[in-house]
Amino acid sequence: MAIARGNLFVACEPPASGERFETVATLSDVHVERIVSSCRPDSAPYDQPQDEWVVLLTGDATLEVAGESLELCAGDHVLLPAHTPHRVLRTSHGAHWLAVHVPRR
């Protein structure tokens, strides 16, 4: 495996609406992505087959997880087991996230 280097805050203009997803690392079957949010996120529900750990690096956001509203600020993180219904209700413009997706075995 080659050594890879990057910066999560370079070339990360937020989209006009929704969120931008970019893979920053793939390690075996673990997928790490950077997410940059607009102030108008797509609030479609997610039901993912893999576990997800997500941390809000900058900004603030509101998630709905299994029917519960979670207010997040920079540094907050959430572990979402596979098939936990969740959606993004609100994000500040330019909020940055790091998400780690781990398949269930």
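So, for the chain, what is the accessible surface per residue at a probe of 1.4 Å, expressed in square angstrom?
60 Å²
Quick one: work out Rg over Rh on the C-alpha atoms of the chain, Rh as Kirkwood radius.
When Rh is taken as the Kirkwood radius, the ratio is 0.96.
Output ³J(HN,Hα) for the range 90-105: one whole-Hz value per residue in order, computed from phi by the Karplus curve 6.51 cos²θ - 1.76 cosθ + 1.60 with θ = phi - 60°, and x for Gly and Pro.
In residue order, the calculated couplings are 7, 9, 7, 4, x, 4, 10, 10, 10, 10, 10, 10, 10, x, 6, 10 Hz.
How far apart, in nm, are the 7 Å Cα→Cβ label points at residue 62 and residue 93?
Roughly 1.9 nm, to one decimal.
Could you derive backbone 3J(HN,Hα) for the range 13-20 from the dihedral phi with the Karplus parameters 6.51, -1.76 and 1.60 (θ = phi - 60°), listing whole Hz in sequence and x where the residue is Gly or Pro?
So the J values, rounded to whole Hz, are 4, x, x, 5, 8, x, 9, 10.
Would you grab the residues whose amide H sits under 5 Å from the one on residue 24? Only those 5+ places off in sequence or on another chain, please, with H modelled 1.01 Å from N.
Under 5 Å from the amide H of residue 24: 32, 33, 34.
Run the quick spin-label model on residue 22 and residue 4: label points 7 Å from Cα toward the beta carbon, then report their separation in nm to one decimal.
Reported label-point gap for residue 22 and residue 4 is 1.2 nm.
Could you run the Debye sum over the Cα atoms of the range 26-85, one equal point scatterer each and no solvent, and tell me log10 of I(q)/I(0) at q = 0.16, 0.31 Å⁻¹, two decimals?
Debye intensities relative to I(0), on a log10 scale: -0.57, -1.51.
Under a 5 Å amide H to amide H cut-off, with H placed in plane at 1.01 Å, what residues pair with residue 90 once short-range neighbours are removed?
62
The values are calculated or read from the model by the stated rules, or taken from the named source; none is laboratory data. None of the values given here were measured: they were computed from a predicted structure. Neighbour counts are summed over all protein chains in view; Cβ atoms, including those assigned to glycine, are modelled from backbone coordinates with ideal geometry. Please note that ligands, DNA and RNA were not included when accessible areas were found on the heavy atoms of the full protein model with its side chains. Shrake-Rupley method; radii C 1.70, N 1.55, O 1.52, S 1.80 Å.
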